[in-house]
Structures are given as C-alpha cells and as structure tokens.
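Peer 1: Take this structure first; my questions come after.
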Amino acid sequence: MGQILPNSKGLAKNSSDKISCIARQGTRTMATDRRVARVAEMIKREVSQMLMSGIKDDRVGTGMVSVTDVDLSGDLQHAKVFVSIYGSDEAKAETMAGLKAATGYVRSELGQRIRLRRTPEVVFVEDRSLERGDRVLNLINQLSQTRKDSDDTEEDESEA
C-alpha cells in the first residue's frame, strides 16, 4: 500500500491514485461556549421584552414575571427559559399555564428577532431559587436571633 496524502478538499489520495474519504467526526457542529452564552443572553433579552409588551395572554400578567436565566443546549436547538414569578401560588400556576400556551408565539417571535439557522424549542421552567434563597436567609436570621437570645439569658443567669 502507498502512503496517504491529504488534499485541500478533505479527501485523501494514496500513492496509487485511489481516492478514499476521510471520515468526519460528527455531522453536526456544536457552537462554542461563548456563542452559546451570547445567544442565550439574546434570548433572555427578547423573551423579557415579549413578557413586557408582546404576550397578550391575561394569565401571564397575573403574577409579576421576570426571566432569570436561559439554559441553551450546545447545538442551539433547545432553550429552557427560567422565570421567576412573584405572587400567590394560584397566580404562579395561572402564569405558568399562560406561558406554556404562549410557547409557540414566543418561538416564532424569536425566529423573527434573532437570526439563527433554526429557532430553538422553548420550554418555560419556574425558577424557585429566589424563594429558596429567601427561606435560607430567614432560617439563618432565626438561628442567629435564637443564639443571641440564649446568650442574653445565660449572661443574665450568670450575673444573678
């Protein structure tokens, strides 16, 4: 067998003039991390603008809604939009139902506003991290208050 030499078209010619193909690894290309982050930020901005003025569903307006994060897959095909909803549990459920109903509209608007080969599938997910953070802070404050109260009572007992 002869030696294999690459040419400019990605094909390889061996010394006996037979052309053999070089196997490409993966037919889909993955976007770079910087591009994924940039597109995710654009989606976040556009969905936030749609929430303020574009979505006409009354259910979306029942709770105060803000987009906290967008998790975009490496191939830019799937986007999880994390939303924080301020209000009662009933208002949160109504707002999530309205957002799920508006998914098609949001995707079509994203397709018009952002120049991508394929518009990603959009899924809305309720972000409860702010509530959890608030709960943790309240627990820490309660612990520090109980420790402070117990320290005060110990000092009073030692003085007596």
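Peer 1: Can you name the condition, by its number, that residue 74 falls short on among (1) modelled with pLDDT of 85 or more; (2) closer than 24 Å to residue 130 by Cβ?
Peer 2: For residue 74, the failing item is (2).
Peer 1: Now for a separate question. Just the residues that are under 18 Å from residue 78 (Cβ atoms), buried (at least 19 other Cβ atoms within 10 Å of the Cβ) and not β-branched (Val, Ile, Thr), please, taken from the stretch 98-108.
Peer 2: Across the stretch 98-108, the qualifying residues are 99, 102.
Peer 1: Between a first residue in the stretch 29-54 that is touching a residue at least 40 places away in the same chain (Cβ under 8 Å) and a second residue that is among the hydroxyl-bearing types (Ser, Thr, Tyr) and in a helix (DSSP H, G or I), which pairs have beta carbons less than 9 Å apart while being 6 or more apart in sequence or on different chains?
Peer 2: 50/105; 54/105
Peer 1: Of the conditions (1) within 20 Å of residue 40 (Cβ to Cβ); (2) surrounded by 13 or more Cβ atoms within 10 Å (Cβ to Cβ), residue 115 fails just one. Which one is it?
Peer 2: Unmet condition: (2).
Peer 1: Give the stretch 116-139 a look and list any residue that's under 12 Å from residue 69 (Cβ atoms) and among the small types (Gly, Ala, Ser), or say none.
Peer 2: 129
Conditions tested, residue by residue: (1) among the small types (Gly, Ala, Ser); (2) in contact with a Lys or Arg (Cβ under 7 Å, 6 or more places away or on another chain); (3) modelled with pLDDT under 85; (4) not in a loop (DSSP other than H, G, I, E, B).
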position: 28; (1), (2), (3), (4): no, no, yes, no
position: 35; (1), (2), (3), (4): no, no, no, yes
position: 39; (1), (2), (3), (4): no, no, no, yes
position: 48; (1), (2), (3), (4): yes, no, no, yes
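The values are calculated or read from the model by the stated rules, or taken from the named source; none is laboratory data. The model shown is predicted, which means the values in this text are computed figures rather than measured ones. In this analysis, Cβ positions are derived from the backbone assuming ideal geometry, glycine residues included, and neighbour counts consider all displayed protein chains.
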